[in-house]
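The values are calculated or read from the model by the stated rules, or taken from the named source; none is laboratory data. This one's a predicted model, so the numbers in the text were calculated from it and none came from an experiment. For neighbour counting, all protein chains shown are included, and Cβ atoms are generated from backbone atoms with ideal geometry for every residue, glycine included. Areas reflect the complete protein model, heavy atoms only, side chains present, ligands, DNA and RNA absent. Shrake-Rupley method; radii C 1.70, N 1.55, O 1.52, S 1.80 Å.
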Amino acid sequence: MLELLLRYYGRNAVTLREASRPSHAAHALAAYFDGDLDATADLAIETNGTPFQHTVCAALRRIPPGRTMSYGALAAAIGQPRAVRAVGLANGANPIAIVVPCHRLIGANASLTGYGGGLHRKRWLLAHERGERPLFDEVPHAMAR
């Protein structure tokens, strides 16, 4: 996580330290994984990026839990239907997965496509949001370690 934060925000911008108590974000993420799928909706975010990337992040946060949208549909939803690849790049640059639910974007043919955490995690998150009991035993053994 530290490496990712440093890559996005710069070498001297972030220092991790032990917290005396869990943050609001930690509580929200725990609640999300416990089944309260809207728990992260009120978290304030601050991402590094272009105005276009901020627009994509905001649009991603409007996709309801358990639902998916294609890259093209998201590009159209933000008023830039030809910016499909740019949406993909902005989605891939998202440094705060779950809070900005980049896992909800899928290919035009409804296929699961790229996810920084691996497609097995994307599949798990989508199953979790659909109320299914996601299993990690579908994960290839080499990845499960």
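Can you name the residue in segment 99-111 that is of a type in the set (A, V, I, L, M, F, W, C) and in contact with a Ser or Thr (Cβ under 9 Å, 6 or more places away or on another chain) and, of all such residues, is surrounded by the most Cβ atoms within 10 Å (Cβ to Cβ)?
105
Return the pair list, or none, for Cβ contacts closer than 6 Å from residues in segment 7-22 that are within 22 Å of residue 48 (Cβ to Cβ) and open to solvent by 100 Å² or more (accessible area, probe 1.4 Å) to residues that are at pLDDT below 85 and not β-branched (Val, Ile, Thr), at least 6 apart or on different chains.
Here the result reads 16/2, each pair linking segment 7-22 to a residue that is at pLDDT below 85 and not β-branched (Val, Ile, Thr).
Residue pairs, Cβ under 8 Å, 6 or more apart or interchain, first in segment 44-72 and in contact (Cβ under 8 Å) with a residue 60 or more places away in the chain, second of a type in the set (A, V, I, L, M) and part of a helix (DSSP H, G or I). List them.
66/126
Restricting to segment 1-23, name every residue that is over 18 Å from the mean Cα position of the chain (by Cα) and either of a type outside the set (A, V, I, L, M) or closer than 28 Å to residue 64 by Cα (or both).
Matches in segment 1-23: 10, 11, 12, 15, 17, 18, 20, 21, 22, 23.
Within segment 1-101, considering only helices (runs of 4 or more DSSP H) that don't extend past its boundaries, which have at least 1 residues that are among the hydroxyl-bearing types (Ser, Thr, Tyr)?
2-9, 24-33, 51-61, 71-77
If you scan segment 93-113, which residues turn out to be closer than 14 Å to residue 73 by Cβ and either in contact with a Pro (Cβ under 7 Å, 6 or more places away or on another chain) or not small (Gly, Ala, Ser) (or both)?
104, 105, 106, 109, 113, listed by residue number.
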